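We did not get these values from a lab; they are worked out from the coordinates using the rules stated. Treat the numbers as computed from the prediction; the structure is a model and nothing was measured. Methodologically, a virtual Cβ is constructed for each residue, glycine included, from the backbone with ideal geometry; neighbour enumeration extends over all protein chains shown.
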Amino acid sequence: MDGVAAPDLSFAALAPLLFVFGAAAVGVLVEAFAPRAVRHPVQVAIALTGAVGAFVATLLLAGTREVTAGGALAVDGVALFLQGTIAVLGALSVLLFSERALDPARSAFVAVASVPAGSVRDRELSTDERVQTEVYPLASFALGGMMLFTAANDLLVMFVALEVLSLPLYLMSGLARRRRLLSQEAAVKYFLLGAFASAFFLYGLALVYGATGSVRLSAIRDAAVVEGGDTLLVLGLGLLVVGLMFKASVAPFHTWTPDVYQGAPTAVTAFMAAATKVAAFGAVLRLLYVAFGTAEWTWRPLVYALAITSMVVGAVLGLTQTDVKRMLAYSSIAHAGFLLTGVIGLGADGSGPGLAATMFYLLAYGLTTLGAFGLVTLVRSGEGEATHLSQWAGLAQRSPVVAALMGLFLLALAGIPLTSGFTGKFAVFRAAIETGAWPLAVVALVTSAIAAFFYLRVIVLMYFSEPAPEGPTVGVPGLPTTIVVAVTAAATLVLGVLPGSVLDLADSAAVLVG
Amino acid sequence: MTITNYLVLAAILFTIGAVGVLVRRNAIVVFMCIELMLNSVNLTLITFARASGTVEGQVIALFVMVVAAAEVVVGLAIIMAIYRTRRSASVDDVNLLKY
C-alpha cells in the first residue's frame, strides 16, 4: 500500500505566512525561556520582524498567481494585497502595544491576567512596572490567522484561520491594565458570541459539503453551476455568510462590536478594528466570488440587505453615543456597510470595478481607524484613558496637534474630499452604480451624511467648547505611538490627494484565482 | 435507517444548542450549548461523508474536535478570570458595558 502523497508546497508563496507564524512560535519560546528584564524589547523586536518581514515578502511576491498547499491556499493578487495591508496594520499595532511612555506603570497591559481584578495582589501589581509580554506572540498568531484567512481556498482552511485569528483576540481583549472588569467583560462577550458565530460558519460548511461533496472553493463553484437551486447549498451559503459577517461586524451581527471595542485595551481595539476588518472582507470576497461567483442570485439579495442594514444601524446608533471608542465602533459598523456596497459592485465573475475599490477602501479605512484609536490612547485622565465625549470638550486648547490630527482622521472617516476616506467611498459607490446597484449607492450617500454629523460633532466639541476645568491631560507619547500617528496621518492625506498609484496597484492586483 | 434521520437529528441538536445559547444565563452552560452545536456539525459531516463515500467529511470532523478543544482552553480561562473576580458566572451580571 502506498503512503499518502505529500501535497506540493510552494514555500516561496507561503513566505509571508511563515514569517508571521515563525515570529509567533519564537515569541512563545522567548516568553518561556528569556529572562524577564530583556523580554519586552526582544518580544517587540520579534513581533515587528515578523510583520515587517511578511510585508516585504508580499512585495517581493507581487504578481504571483498560484494555488499551493495541495490546493488549500490561493496566493493571488487579492491575497497578497490584503496580506500586505494586514502586515502593515499589524506592525503599526505592535508599535502601539509597545508604547511605554503613557501609562504610569509603563504599559497598557495587565501585569498578571490571572489575578482577580480588585484584589490586594491586583492593586499591588497595578503600579508595578513589570510588564507582561504575552500580548506580542498572541498578536503574531492573530496576524498569521488573518493573513491565512485572506488566502484560504478551502472552507476548512478558512475555518481554521478564523479560529487562529479569533482565539488570541478573545484573550487580548481581556488584558487591559486599567478598568479590568470592563476588559474581562469584553473578553467574555467576544468569546461567547464569537464561538456562537463560528458554530454557524461550521454548520454552513457541513451543509455545503453535503450539497457539493467538497469544501474546495473551485469544486463548490463547479457543483453550484450544475445543480443550480439546491436548497442545501443556499442554506449552507447563508450560514457561512452569517459567520463571516459576524467577524466583519456587519449589522445585524454587530452586537458585540461596541462592547468589545469599548472594553478592550485601546491598542488592541485598534488592531481588531483595522486588521480584522481587512481579513474578514478578504474571506468574504473569496467565498462569494470564487465559490459562488457563478451563482450570484444566491447571495446578491442577502448582501444587498445586509449592506443597507449595516449602514443605517451604524450611522443612526452612532449619533447617540457618548463614548469615543463606542462611537468609533458604530462608525466601523457603518463602514462595513459601505464596504459591502463595493462587494455588490463586483459584477459577474469579479470583472467589475468593485474588487479593486473594496481593496483600496480596506487599506484606507484600516490606516485611518488605527490612527484614530492611537490618538484615543493619548487623552488621559487620572491613570486611565478619558474616552467620554464630554472630556474631549475644548481639547484643541489643551493640545492643538492632537485635536488637529483627530480632526483629520474623523474627516477621513466621514469621507470629506482630499482625505483617503473620500477616495475610498467614491470608488466603492462608483463600482455599485456601474453594476446597476444605484439604490444602494443612494442609501450609502444618505447614511454617509448622517454619519458625518457625529464625526463633525466631535470636531465641534474639540474646537468650539470651553475645556472643563478638571479635564483630561494629553499624554506625551513615546516614539512608537508618534510613528504610528505620523504614518497613518500621512497615509490618510496621501491616499486622499494622490491616490493614483495605489488605486492602480489595487487594480492590477484585483485578480482572484481558485 | 436512512441518512436523513441522522441529518434531522443533527439539525435538532444544533437548534437546541442555538436556543440554549440565547436563553441560558450561565456562561458555562452557554458554552456547553456551543459545544453541542459543534458536535451536531460533526454528526452532519460524518453523515455526509458516509453518504458520499468520501473521507473528507471525517477528516474535517477531526479538525473540528481539535479546534473545539483549543476553544475550550481559551473560553474556560476567560470565564475563570471573570468568575474569580465576581464569584458568579451568570452572563446577566456581566453588564457594565452597554448603550
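Please arrange B:S90, A:S331 by how many other C-beta atoms lie within 10 Å of their C-beta, fewest to most.
On the way: B:S90 15, A:S331 26.
Placing the least packed residue first, the sequence is B:S90, A:S331.
Relative to the present Cα-Cα distance, how much length would full extension add between A:T473 and A:A12 at 0.36 nm per residue of separation? Don't skip to the answer; put the middle values down first.
Numbers: separation 461, 0.36 × 461 = 165.96 nm, distance 4.87 nm.
Contour length minus Cα-Cα distance gives 161.1 nm.
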The computed P(r) of segment A:299-507 puts the percent of Cα pairs beyond 28 Å at 29
For segment A:299-507, the charge dipole (Cβ of Lys, Arg +1; Cβ of Asp, Glu -1; about the Cα centre) points to a positive end, and the Cα of A:T482, A:G500, A:F464 closest to that extreme belongs to A:F464
Projected onto the charge dipole of segment A:299-507 (unit charges on the beta-carbon of Lys, Arg, Asp and Glu, signs +1, +1, -1, -1), the Cα from A:T435, A:L346, A:L370 with the largest positive-side position is that of A:T435
With x for Gly and Pro, the residue-by-residue ³J(HN,Hα) of segment A:183-188, computed from phi through the Karplus equation 6.51 cos²θ - 1.76 cosθ + 1.60 at θ = phi - 60° and given in whole Hz, is 5, 5, 4, 4, 5, 4
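For an R0 of 22 angstrom, estimate the FRET efficiency from the Cβ-Cβ distance between A:E434 and A:S508 and round to the nearest 0.05. Walk me through the numbers on the way to the answer.
Details: r = 19 Å, r/R0 = 0.85.
Between A:E434 and A:S508 the formula returns 0.70.
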Between B:S52 and A:V494, the FRET efficiency computed from the C-beta separation at R0 = 51 Å comes out, to the nearest 0.05, as 0.45
Rg/Rh over Cα atoms for segment A:417-475, Kirkwood Rh, comes to 1.22
Inter-part gap, Cα centre of segment A:480-498 to Cα centre of segment A:1-64, in whole angstrom, is 27
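Per the helix-only calculation at 222 nm, which mean residue ellipticity applies to chain B, given -39500 (n - 2.57) for every DSSP H run of n ≥ 4 and division by its residues, nearest 500 deg cm²/dmol? Numbers along the way, then the final one.
Numbers: 3 runs with 78 residues, N = 99.
When only DSSP H runs of four or more count, the value is -28000 deg cm²/dmol.
Residue separation times 0.36 nm, minus the C-alpha to C-alpha distance between B:V72 and B:S88: what's the value?
Stretched fully, the B:V72-B:S88 segment lengthens by 3.9 nm.
Arrange the following residues from fewest to most other Cβ atoms within 10 Å of their Cβ: A:T58, A:T64. Intermediate values should be presented prior to the final figure.
Details: A:T58 25, A:T64 17.
Ranking A:T58, A:T64 by Cβ neighbours within 10 Å, fewest first, gives A:T64, A:T58.
So, with +1 on the Cβ of K and R and -1 on the Cβ of D and E, and no other charges, what is the size of the charge dipole of chain A about its Cα centre, to the nearest 20 debye? Please list the in-between numbers first.
Values: 26 positive and 29 negative charges, 204 e Å.
Once rounded to the nearest 20, the dipole reads 980 debye.
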With the label point 7 Å along the Cα-to-beta-carbon line of A:L319 and a cut-off under 16 Å to each amide N, the hits in segment A:415-453 are A:443-453
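In segment B:3-86, what is the volume of the convex hull around the alpha carbon atoms, normalised per residue and reported in Å³?
In segment B:3-86, the Cα hull volume divided by residue count equals 60 Å³.
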Computed over the Cα atoms of segment A:68-135, the Rg and Dmax in Å are 18.8, 54
The correct pair for segment A:1-104, radius of gyration to one decimal and Dmax as a whole number, both in Å and from Cα atoms, is 17.0, 66
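Can you tell me the mean projection area, over all orientations, of the convex hull of the protein assembly as shown's alpha carbons? Units nm², please. Write down the numbers at each step before the final one.
Working: hull surface 107.2 nm².
Mean orientational projected area (the protein assembly as shown, Cα hull): 26.8 nm².
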Residues meeting the amide H criterion for A:G394 (H placed from the backbone, H to H distance under 5 Å, 5 or more places apart or on another chain) are A:M462, A:Y463, A:F464, A:S465
At R0 = 30 Å the Cβ-Cβ FRET efficiency linking A:F453 and A:W297, nearest 0.05, sits at 0.25
Most exposed to least, judged by fewest other Cβ atoms within 10 Å, A:Y455, A:Y203 sort to A:Y455, A:Y203
Dimensionless Rg/Rh of segment A:84-223, both radii on Cα and Rh by Kirkwood, sits at 1.11
So, over other residues within a Cβ distance under 14 Å of A:A13, counting Lys, Arg +1 and Asp, Glu -1, the net charge is -2
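With each run of n ≥ 4 DSSP H residues scored as -39500 (n - 2.57), what mean residue ellipticity at 222 nm is computed for chain A after dividing by its residue count and rounding to the nearest 500 deg cm²/dmol?
Mean residue ellipticity at 222 nm (helix-derived): -22500 deg cm²/dmol.
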Filtering chymotrypsin sites (Phe, Trp or Tyr not before Pro) in segment A:1-97 by DSSP loop and by at most 16 other Cβ atoms within 10 Å leaves A:F11
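Against the globular-protein guess of 2.2 N^0.38 Å, express the Cα radius of gyration of segment A:410-514 as a ratio, rounded to two decimals. Before the final figure, lay out the partial values.
Details: Rg = 18.0 Å, N = 105, 2.2 N^0.38 = 12.9 Å.
In units of the globular-protein estimate, segment A:410-514 measures up at 1.40.
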